[in-house]
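What follows is a short report on a single structure.
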Amino acid sequence: MSALERLWRGVLIVYASNAGADTANRLFKLLRRVGVPTVVIKYDGDLSRYWGCFDAIVLVMALSGAVRLVCKYAKSKVVDPAVVAIDDGGGST
């Protein structure tokens, strides 16, 4: 079974700026095309209601912002979702 087949709860894509919206939407379309359940939201200051609901979270924002955001919620690599940060333009941060 591939990693994508195990993503039953899907992927949350969170963007923080209008510039990141395009990158977030491109990623959303790509993941949906291959069958991954995916949701896109604009960060509104509270990620707690989403933290335990997805297998992976992609943060489309500066790495420093992503680190500050994740440290509020992270407990253990065993229970937390995978987290990936990419910059607004789509590159890794």
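Some observations on this one:
- Here the label points at Ala82 and Ala19, each 7 Å from Cα along the C-beta direction, are separated by 2.7 nm in the simple model.
- For the chain, the share of DSSP beta bridges that are antiparallel, to the nearest 5, is 5%.
- Mean projected area (nm²) of the alpha-carbon convex hull when the chain is viewed from all directions: 5.8
- Sorted by Cβ neighbour density within 10 Å, fewest at the top, the residues Leu12, Leu30: Leu30, Leu12
- Theoretical FRET efficiency, 1/(1+(r/R0)^6), r = Cβ-Cβ of Asp44 and Arg9, R0 22 Å, to 0.05: 0.60
- The gain in end-to-end length when the Ala62 to Val34 segment is fully stretched comes to 7.4 nm, 0.36 nm per residue minus the alpha carbon separation.
- Environment charge of Tyr50, counting only residues whose C-beta is closer than 14 Å and scoring Lys/Arg +1, Asp/Glu -1: 0
- In percent, rounded to a whole number, the relative contact order of the chain is 34, using alpha-carbon pairs under 8 Å and six or more apart.
Values quoted throughout were computed directly from the atomic coordinates according to the rules given, and no laboratory measurement underlies them. Every value quoted in this text rests on a predicted model; they were computed, and no experiment measured them. We place every Cβ from the backbone using ideal geometry, glycine too, and count neighbours over all the protein chains shown.
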